[in-house]
Amino acid sequence: MAETSIAWDLGGHEELLHAVYLPPHTYEDGATVGEPVVTALFREPTANGGSGYTIREYSMGRGGMFYRFPEEGGHWSRTIIREEWYRETESRLPKGVFGDL
């Protein structure tokens, strides 16, 4: 697993905060993913003018996103995002990934 924390502004609409590369593996439900996956954490604007966080998973074999949490908009709770990140990657987000110390 390769991992990086970055703050990358993608045209003022969203910001890539952290990404992890996962080689092909088998999920806990037995589903086999025969291709590498990149899981990324973004900060993006919400409909009400605030900001929220999203987790997206991209297939390196098929190209394109196949999972997004939450499905629409951004989630404001860092705790929920940390829990979902751990569930998806089995790794913890590093301290300071949200820009706090």
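The values are calculated or read from the model by the stated rules, or taken from the named source; none is laboratory data. This is a predicted model, so every value here is computed, not measured. So basically every Cβ, Gly included, is an ideal-geometry build from the backbone, and we count neighbours across all protein chains shown.
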Task: For Arg68: the one exception among (1) modelled with pLDDT of 80 or more; (2) surrounded by 12 or more Cβ atoms within 10 Å (Cβ to Cβ); (3) out of contact with any Lys or Arg (no Cβ under 8 Å at 6 or more places or on another chain) - done: (3)
Open item on the list: Among the residues of the range 1-60, what is the count of those that are modelled with pLDDT of 85 or more, of a type in the set (Ser, Thr, Tyr) and either assigned to a loop (DSSP other than H, G, I, E, B) or over 19 Å from Ile80 (Cβ atoms) (or both)?
Closed with: 3
TODO: Would you confirm whether any residue within the range 50-57 is more than 17 Å from His13 (Cβ to Cβ) and either exposed (fewer than 13 other Cβ atoms within 10 Å of the Cβ) or of a type in the set (Asp, Glu) (or both)?
DONE: yes
TODO: Find all pairs meeting these conditions: Cβ atoms under 7 angstrom apart; at least six residues apart or on different chains; first residue within the range 65-80 and closer than 15 Å to Leu16 by Cα and touching a residue at least 24 places away in the same chain (Cβ under 8 Å); second residue of a type in the set (D, E, K, R) and surrounded by 12 or more Cβ atoms within 10 Å (Cβ to Cβ).
DONE: Gly74/Glu44
TODO: Report the residue count in the range 86-101 for those that are closer than 20 Å to Ser51 by Cα and without any contact (Cβ under 8 Å) to a residue 60 or more places away in the chain.
DONE: 3
